[in-house]
Amino acid sequence: MKSAGLVVNFHCERRLGMKTLRFVRAAVEHLEQQGIALHCRLVLDRADEFTRSAVSGLAAGVPRSEVLEVDFGNLGASRAAGVARIDEKIVFFLDGDDFVSFNWFEKALEFFRAQGAGGEKLIAHTQFFVGFDKELFVRLGVDSRDDCFDALALAADWFFCNNLACHRSVFDAVPIEPYDHAGGFGAEDWHWSCETIARGFAHCLVPGTSYFYRGKPAKFSLGSAGQLVPRRSTLFDPPWVNAQATLRTKPAPRDEALAALDAEFYAEAERLVPFDFGLSYLRSLHAGAREVYYFRPGVPDEVAQSVRQFAAIDGTGGVDIIHADVERIPGAIAKIDDIVAQFGDKGAQRPRFYLLEGRPLELPPDDAINVVWLDRLKAAGTNEAQISRLIARFFIQSTDVRVFNFVSPRKRSLASSLAAAKRHSISVWYNLVLEYGLDRFSSTVTEVKEILAAGIAAETVAVFAKTARELVTEAEISVLHATSLEARYVSGERTLATETVAQTPAPAPSFEVHSPLASRESVPRMEIADEIFVEFCGEADTLTGTSAYLYLILGDATVSRETLAIMENAALSSLPTIAVPELIVRKRDTGNVYFRPDLAQMNAAVARGTFPFDLLQIPVLGFDMLTARPVWEELVRSNRTRIRLARLLREYLNPKGYRTKANLVFLGRNTIATCDESDMRRLDGARVALGVFRTEARRANTV
Amino acid sequence: VTDRDYFLQERYRDAPPDSGGDGGSSAASAPFEEQAPSNFSQELFFLHNPPALKEYLAGNSRFPFYRHYGWDQLWKARPSDSPYLDRLAQIYKGLSLELLVGLARERGRGKDVLPVPAEPKARWKCVSQFGGAGLANAGIGFECAIVTPRLGIGGGEKVVRELAAALRELTGRPALIIVADSEHRGGENVLALCSLNLEDQPFFSAAIPKRAEVLRDIIVSAGIKFVFSINSFLANYAIQGEYLSDCAKIACAVFSVPLLASGEIGGFARDVDWLAPNVDAFFTENALMGSVLREHFFLETVHVLDVPEPFRDGPVPTGENILWASRIDEEKRPELLIEIAKLLPNRNFEVWGSPLLSGNHYMESILALPNVIYRGPFSSFDELDLREIGCYLYTTRYDGKPNIVVEAMSRGLVCVATAVGGVPELLGEGRGRLIPSDAGAHAYVSAILDVFGSDQSPGDGERARAFVRAVHTKENFRNGVQRLLRSMQ
């Protein structure tokens, strides 16, 4: 009897895992009838109780199966653990919520039998990779031996997944390396395909077979995560790249030339519908009642060319990577070189690699400098995610990178993307701001803050002192400025277009640091805790100060500078008062929402004795200090640190000792607060409202 | 020190002093080439346009960038004069010009609060009020909420009403019925979400996640403890997205495995895998679906509720005509009715119903048949005149346990129906005639002829009526709902 091993990985698939395991049992039984013994290793990696119990229970019905429990939290490592328990010559992989066509096992085994000893250098994949459930697509596989395929395209995109079959010995030669999400590295299958190709293995297809991949929300997946790329690979190291000088010899076939899906494809899919109804969408595809994205993966030749270009430079002593939008830089590349030369590294000459957007007035010959023109990549059809990965690859394959990011005032660059993976090799990162002051449309602050938020310890250098001061104010970061750099920039610019500036190393400019003020006079403030409580921030004596209001500010909501001044200087109210900004800007991906509180409506609701629900849609609320102070003093006396917001609101909506209820007022003319959805989610308005009603109801019953 | 003075002092110290300016008003005389506003930059402007610099240094222009590049899009000398701001103020009535200028200042400080002129499609909304708190303000104490897509006629709606009645009986409080996916006028204990104003626009114009948030807020603020989702897209979306997870126990109804004409399985049966992690109990009204939920989806807590049907006494209908009453939609296979009617030219068919989802394209063929009497739409089985009827024909492609068949059975009417979903549970054991789902019109014709030709038919009708009387009782249903409620706790 022929035999093979199957590693099935589970994490928290729960019922979906049960579906896959039911399929595995059917496949094992089917293969047994064909004289094939499939030995299953069911690997539970940090599985939840439901999945563990379900898999263990169903595994009893799967002949020749073994359940392994591991504690990696890592798909790559748990696959490797499964492989270690396989004794059979041929190994198959399957994820715990996916399916494969029934014919895959037989056809793959037949494929390896036909290949003989040569099969040990081959890794077989299904011909089709078919999405179902939350993602519907049909992806045609790629043969790495195909003349149309350039392995360096793997720098930008993923071609080979772990729906594979191969000789057990392949994993001895090229072990699966666990991914490192914390380090910014993921996609262990992508990385493994790079490594196997670099070591002479080929990835090939078994015709007529399909892998059915379940599209699902990201939170359910162990292996996938955004902002991740494969780790450093031999495939992109200069020795390998430089030894493979030829480009692919045939152009990539076009998607419109893809062969129609045949009867075997649909018949195999139909056999799986009883295991998951989601696969029935292929019936509609077959009947012509539905269209689906049917494609062959690929990236333009420019990607591989860029990798070759990078590999051709000698980066052993470090490399300078320069991001710039040359249309925004007077003097373009010559000016860039002049500025970078000011940041001399003890006189050492490091190769420069330019990642440039836009087109300069005078274009240097392609071989004059090491440049990747991002616009050319885009024009060739490379999408932004692929370009981001390509750029990250230059960092990942290097060891000592200095980054000079010439920040464009008009277009945010891709510099900060995939930062977690890039930062391992970054020794210095400079954001260079050439603008003379931040004009109304500048996106500089946004990009600089984005880079810092991505965890890159970047220094921001403003060429002009005025810009440095404005950046400090607006971004609230420290900014470097050197008079000598400004003088050099100003003096040289009138001849920049025609003059070639010598790349002479110069002593680093003597920078002065513009720092944000250590502390700004702040308003007494409360924060939301656990969605329905408020906590006082800062020193208790602030409450006894002169401020008229105690402010509740949700999350990272901000107020305009003028609004802050009004908040600081607001007049004391003698009646219970809640003050709100005149305008709230809610920032959303799809466009801002402008919310003007309807005071008349809210005051009318208060007067009626109902709750003005709109109040909880406002990210900045001022509670008059006369009413708030006793509440907090009582809290302090009882050794508590927080209070229900509903309780605080009740003091205002139904105040003791006053004939009138709270008055809702504007903080002042043109007061503006800005927030986003995450700020508003700090507060569970519905539960607070319910709390107010319940309190009121209890009070009414007591009365 | 103004920006301009600084510019002059720091960078062009040898330049002549400012001698006033024209405010950038003589655009027509500008000798410079056109350039898009997005390319605008003070530095670039002067570097690439030395004449503009000269003009500026000579004091002939105070705002050369705006003068030359942003004439109709950017601010001019005074922000409040800006056509751009004026335009925004015109479009967004809720924003005063002063507030817009305030926002523009924030934009100038690098805060992304105003769309740039190059983003004409940026979405702006002026919001004056959010909906969703009305119930809480009303202070009504609800414990259970039933979320339904609509509340008109039909089997699903019958389940909603019967469930509401049973919950009231069991909890002592009214159940709140939330009509979530279609227009409705609301009513006592009925909240139509279409009546809410969300972000200054009709509820159904808001993004679906926003609607789900509102649904969740209503459930929380009304103090709802148990939510029953009955075929509601919004509720099922909210359940899958975990909007309701922290606020109530959830039961979800799945009645059938809808089969499209292509054979594709559609409907909520496709979502069960993603509903299940956030649902405390599933319920249905037919045993077949119950077993699908248990065996295909591996669900543990599944309840099958027998929806009550009032008992109707009286003689078994023994007329000569055939009744076909249903939505005249593709899933009910009216084309099969047409074919059967053609095969039985001597038998009259009384057709009730109207198209809801599939348009009118079956109507012409139906009306053209000489032996079809089209009676029009109906809102209740009681409206149907059964005096000439001797058989009920039901040709659906898929179903749960069809309420209309239960209603026909309760009147002792012999049914000929496709054996799909819960239909065999109703018509099995000699209570009617079951036709295999893949059978053609001839199978229905044979069954119909058998109904009219057999002495057993009145007995079939009596057995059908006895079955409904025994199974589809209020007591059975209430007990089922009680078990459902207990399993959710």
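Observations on the structure shown:
- Screening B:Pro436 against (1) within 20 Å of B:Pro258 (Cβ to Cβ); (2) in contact (Cβ under 8 Å) with a residue 60 or more places away in the chain; (3) of a type outside the set (A, V, I, L, M) leaves a single unmet condition, (2).
- Of the helices (runs of 4 or more DSSP H) lying entirely inside segment A:1-88, those containing at least 3 residues that are surrounded by fewer than 17 Cβ atoms within 10 Å (Cβ to Cβ) are A:15-33, A:49-59.
- Odd one out for A:Gln397, checked against (1) in contact with a Leu (Cβ under 8 Å, 6 or more places away or on another chain); (2) surrounded by 20 or more Cβ atoms within 10 Å (Cβ to Cβ): (1)
- Residue within segment A:636-644 that is in contact (Cβ under 8 Å) with a residue 24 or more places away in the chain, on the phi < 0 side of the Ramachandran plot and over 44 Å from the mean Cα position of the chain (by Cα) present: no
- Boolean, A:Ile643 is touching a Phe, Trp or Tyr at 6+ places or on another chain (Cβ under 7 Å), buried (at least 22 other Cβ atoms within 10 Å of the Cβ) and either facing another protein chain (nearest Cβ under 10 Å) or outside any helix (DSSP H, G or I) (or both): no
- Checking each residue in segment A:559-600 for being within 10 Å of chain B (Cβ to nearest Cβ), touching a residue at least 12 places away in the same chain (Cβ under 8 Å) and assigned to a helix (DSSP H, G or I) picks out A:Glu562, A:Thr563.
- Scanning segment B:129-152 turns up no residue that is modelled with pLDDT of 60 or more, out of contact with any strand residue (DSSP E or B) (no Cβ under 7 Å at 6 or more places or on another chain) and not in a loop (DSSP other than H, G, I, E, B).
- Selection count, segment A:429-456, where residues are in contact with a strand residue (DSSP E or B) (Cβ under 7 Å, 6 or more places away or on another chain) and either touching a residue at least 60 places away in the same chain (Cβ under 8 Å) or part of a loop (DSSP other than H, G, I, E, B) (or both): 4
- Complete set of residues in segment A:457-491 that are in a loop (DSSP other than H, G, I, E, B) and more than 10 Å from chain B (Cβ to nearest Cβ): A:Ala457, A:Ala458, A:Glu476, A:Ile477, A:Ser478, A:Ala482
- Candidates are the residues of segment B:455-487 that are part of a helix (DSSP H, G or I) and without any contact (Cβ under 8 Å) to a residue 40 or more places away in the chain; the one that is farthest from the chain's Cα centre (by Cα) is B:Gly459.
- Filtered residues of segment A:145-168 (kept if more than 19 Å from A:Gln386 (Cα to Cα) and either touching a helix residue (DSSP H, G or I) at 6+ places or on another chain (Cβ under 6 Å) or within 14 Å of chain B (Cβ to nearest Cβ) (or both)): A:Asn162, A:Ala165, A:His167
- Residue identified as in contact with a helix residue (DSSP H, G or I) (Cβ under 8 Å, 6 or more places away or on another chain) and more than 14 Å from A:Leu615 (Cβ to Cβ) among A:Leu543, A:Leu564, A:Leu552, A:Leu575: A:Leu543
- Scanning segment B:192-220 for residues that are within 11 Å of chain A (Cβ to nearest Cβ), of a type in the set (A, V, I, L, M) and part of a helix (DSSP H, G or I) yields B:Val214, B:Leu215, B:Ile218, B:Ile219, B:Val220.
- Residue, farthest from the other protein chains (Cβ to nearest Cβ), within segment A:670-683, restricted to residues that are buried (at least 20 other Cβ atoms within 10 Å of the Cβ) and part of a loop (DSSP other than H, G, I, E, B): A:Leu683
- Selection count where residues are within 20 Å of the chain's Cα centre (by Cα) and either of a type in the set (Phe, Trp, Tyr) or modelled with pLDDT of 90 or more (or both), scope segment A:425-447: 2
- Checking segment B:173-191 against the condition returns no match, with no residue being closer than 28 Å to A:Arg596 by Cα and of a type in the set (S, T, N, Q).
- Within segment A:543-560, the set of residues being farther than 15 Å from A:Asp624 by Cβ and crowded, with 16+ Cβ neighbours inside 10 Å comprises A:Ile553, A:Leu554, A:Gly555, A:Ala557, A:Thr558, A:Val559, A:Ser560.
- For segment B:229-263, the candidate set comprises residues that are more than 17 Å from the chain's Cα centre (by Cα) and among the β-branched types (Val, Ile, Thr); within that set, the residue that is nearest to the other protein chains (Cβ to nearest Cβ) is B:Val257.
- Test set (1) in contact with a strand residue (DSSP E or B) (Cβ under 8 Å, 6 or more places away or on another chain); (2) within 14 Å of another protein chain (Cβ to nearest Cβ) - A:Ala686 fails condition number: (1)
- Only residues that are at pLDDT 95 or above, under 18 Å from A:Ala187 (Cβ atoms) and β-branched (Val, Ile, Thr) were counted across segment A:112-157, and they come to 1.
- Considering (1) assigned to a loop (DSSP other than H, G, I, E, B); (2) surrounded by 15 or more Cβ atoms within 10 Å (Cβ to Cβ); (3) more than 14 Å from chain A (Cβ to nearest Cβ); (4) not acidic (Asp, Glu), the lone condition that B:Ala165 does not fulfil carries the number (1).
- Test: A:Arg389 is under 19 Å from A:Gly184 (Cα atoms) and touching a Leu at 6+ places or on another chain (Cβ under 8 Å): yes
- Some residue of segment A:91-110 being at pLDDT below 95 and hydroxyl-bearing (Ser, Thr, Tyr): no
- Scanning segment A:408-428 for residues that are within 14 Å of another protein chain (Cβ to nearest Cβ) and in contact (Cβ under 8 Å) with a residue 40 or more places away in the chain gives A:Ser408, A:Pro409, A:Arg410, A:Lys411.
- Screening B:Ala464 on (1) closer than 24 Å to B:Ala164 by Cβ; (2) buried (at least 22 other Cβ atoms within 10 Å of the Cβ) shows it passes everything except condition (1).
- Selection of segment B:270-311 for residues being without any contact (Cβ under 8 Å) to a residue 24 or more places away in the chain and of a type in the set (Phe, Trp, Tyr) yields only B:Phe298.
- Being at pLDDT below 90 and more than 8 Å from chain B (Cβ to nearest Cβ) is a property that holds for A:Val606.
- All positions within segment B:264-298 that are assigned to a helix (DSSP H, G or I), among the acidic types (Asp, Glu) and either more than 14 Å from chain A (Cβ to nearest Cβ) or buried (at least 19 other Cβ atoms within 10 Å of the Cβ) (or both): B:Asp273
The values are calculated or read from the model by the stated rules, or taken from the named source; none is laboratory data. Since we're looking at a predicted model, the values are computed, not measured. When we count neighbours, we look across all protein chains shown, and the Cβ atoms used for this are built from the backbone with ideal geometry, even at glycine.
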